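Notes to accompany the following structure.
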Amino acid sequence: MAPCVIFEDEHLLVVNKPAGWNTHAPSPYAGEGIYEWLRHREPRWATLAILHRLDKETSGLLIFGKTSLANKSLTEQFTDRRVQKKYFLLTDRAGPKKTFTAKTEIQRLGEKYASRAGGELAETEFTTATATDRHYTCVEASPHTGRTHQIRVHAAENGFPILGDTLYGGTAAARVFLHAAEISFTHPATDKPVTFAAPPDFAEDSRQALRTAIIEPTATNAFRVINGASDGWPGWFVERLGDFLLSQSEQALNPTQLAELTRLAKKFSAHGAYHKNLSRHVRKSTTGETSPQLMFGEAAPERFEILENGVRYEMSFCEGYSVGLFLDQRDNRRRFLNGHIAANFPLLRAETRNPKPEILNTFAYTCGFSVCAAKAGARVTSLDLSKKYLEWGRRNFALNALDPAEHDFIFGDTFDWLRRLAKKNRAFDVIVLDPPTFSQSKENGTFRAEKDYGQLVAAALPVLKPGGVLLASTNAAEWPPEAFLAEIEMAVNRAHRKIQQRHYVPQPPDFPVSRAEPAYLKTVWLRIG
């Protein structure tokens, strides 16, 4: 169960949404909303229905329906205004001195809403403010209607705009300090009144609240902590890797960043913190020059372990630019573990689960996808141009009590081996294509994702079984998602194959997307006939 889930029964799923996460994303290319993330995470959540929404920057309780009975009942209760909600907001202005009700007609005016005659009726009850300290006051708000932005509009128009809500005149802050703290309604199955509560914690770092909502600490201790401008630190990226922190930027750390890294190290009880300079000239540098450097604390062992979704992986800060695992593929690796790609999209069709399914992982690197597929019962072929990384992959198998001898590890060029496998009439149930953006080999020269991805798909299709699944991914940041998908679709059509199912996957929520920090990872799962 995801950490953000606070209640689940046969009919309902109740979650505590952190600020900064959409309820429902307008486009998959912009990242997943919490609704999509939940639906695609567990098979039992595939039929979730949205019953109400919260603004991206508003935190708090969301109710999702799991059955038609719940969907019908809750929709009627919301429509009839029988659902009672309680919010809390912070403001740095003088709050209301007595309880009052704001009742206006609200219209949309460009990006915002305002009270105007002829709009939709909106009614909000505000309860006398209480001082939290000499700077801020906390106000309780109970919306009697469900109009977009109504609490924000009414608070601003009555002289106490919400802290952080710059759209409505609030003072700039780390987040919009509005939290949906309580919701009451009649349970759709029992007809008994139920109330769910999640008290606000306005002192909590909203960036870390997002990670807390998605990361199960007993199963995962590796994730992105700071994702550049989306987390308020342009050009700076920090990851937790088990007992260590890894900082990355194009420049040396400045005093403010170093102080924040020190704070994070204390928060996560890190043994030490490293920094890696992001360089555009990796191939011209030595291993020592590209390897992360210790900033403070204990030095990491030459090899150490992390845990992700209950799977162990070996990491190293001594092997140059790459440390052993790309954390942005965590959710995709999880899909191999639980066999669930998306709602109504299983990894394997029933007829391919027995005998043992065959998985081909090209550009396997340290075999992260391979380990997860093998743990789920598949026989895996891992293909990579580096013997060092394949050996690393074998160690990852052993770390998870998997016998590498029961699987294939092939050293060589992917294009060359796809041709060989096709000549041998090999066929696979799932093929992973996650190439580097740029690579070189003696057999096939230079590979550039934007130029050659279609050829890669064309080379893989002859060894993909009819009805098999292709996982295609790239981190070519400047390549638009639409162009990436069009290139793949063209290659499939030219091979006279048909796409039967598709699911586009953006980067996970701990790699948040914003205008200042656009999405770079593009991944699509395709079932191809």
Q. Region 223-263 to region 42-64: how many Å between their Cα centroids?
A. 30 Å
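Leu48: net charge of surrounding residues, Cβ under 11 Å, Lys/Arg +1, Asp/Glu -1, itself excluded? List each step's numbers first, then the result.
Numbers: positive: Arg39, Arg41, Arg44, Lys66; negative: Glu8, Glu36, Glu42.
Value of the local net charge: +1.
Place a +1 charge on the Cβ of each Lys and Arg in the chain and a -1 charge on the Cβ of each Asp and Glu, then give the dipole magnitude about the Cα centre in debye, rounded to the nearest 20.
Details: 66 positive and 60 negative charges, 204 e Å.
For this selection, approximately 980 debye.
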Q) Stretched out fully, how many nm does the piece from Arg108 to Asp205 gain, at 0.36 nm a residue minus the Cα gap? A) 31.8 nm
Q. For the residues Thr523, Thr414, what sequence is obtained by ranking on other C-beta atoms within 10 Å, fewest first?
A. Thr523, Thr414
Q: Please work out the FRET efficiency for the pair Glu391 and Asn344, using the Cβ-Cβ distance as r and a Förster radius of 45 Å; give the result to the nearest 0.05.
A: 0.70
Q. Which whole-angstrom value gives the distance between the alpha carbon centres of region 137-151 and region 108-125?
A. 13 Å
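Students often get this wrong, so check it: of Lys451/Lys498; Lys276/Lys387; Lys17/Lys66; Lys375/Lys423, which have C-alpha atoms separated by over 27 Å?
Values: Lys451/Lys498 23 Å; Lys276/Lys387 24 Å; Lys17/Lys66 18 Å; Lys375/Lys423 29 Å.
Pairs exceeding the cut-off: Lys375/Lys423.
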Q: Note down the nm distance, to one decimal, between modelled labels 7 Å out along Cα→Cβ at His187 and at Thr212.
A: 2.8 nm
Q: Compute the separation of the alpha-carbon centres of region 158-218 and region 463-529 and state it in Å as a whole number.
A: 34 Å
Q | Label-point gap, in nm, between Lys424 and Arg312 - each point 7 angstrom along Cα→Cβ | A | 3.1 nm
**Q.** Cα-projected label distance for Asp403 with Arg494, points at 7 Å along beta-carbon direction, nm
**A.** 4.3 nm
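Can you tell me the relative contact order of region 27-89? Whole percent, Cα pairs under 8 Å, sequence separation 6 or more. Intermediate values should be presented prior to the final figure.
Working: 37 pairs, mean separation 13.3, N = 63.
It rounds to 21 percent for region 27-89.
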(Q) Given an 8 Å cut-off on Cα distances and at least 6 residues of separation, report the relative contact order of region 307-462 as a percent. (A) 20 percent
Q) When ranked by the protection proxy of mean other Cβ atoms within 10 Å per residue, highest first, what sequence do the peptides 31-44, 298-311 form? A) 31-44, 298-311
Q: Find the relative contact order for the chain and round it to a whole percent, using C-alpha pairs within less than 8 Å whose residues are 6+ positions apart.
A: 11 percent
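How do 267-275, 332-340, 199-207, 57-65 rank on mean C-beta neighbours within 10 Å, highest first? Can you show the working numbers first?
Values: 267-275: 17.8, 332-340: 20.4, 199-207: 15.3, 57-65: 23.7.
The densest-packed peptide leads the list: 57-65, 332-340, 267-275, 199-207.
Quick note: the coordinates plus some simple rules give every number you see, no bench work behind them. Predicted, not measured: the structure shown is a model, and the values here were computed from it. Note that we place each Cβ from the backbone using ideal geometry, even for glycine, and neighbour counts take in every protein chain shown.
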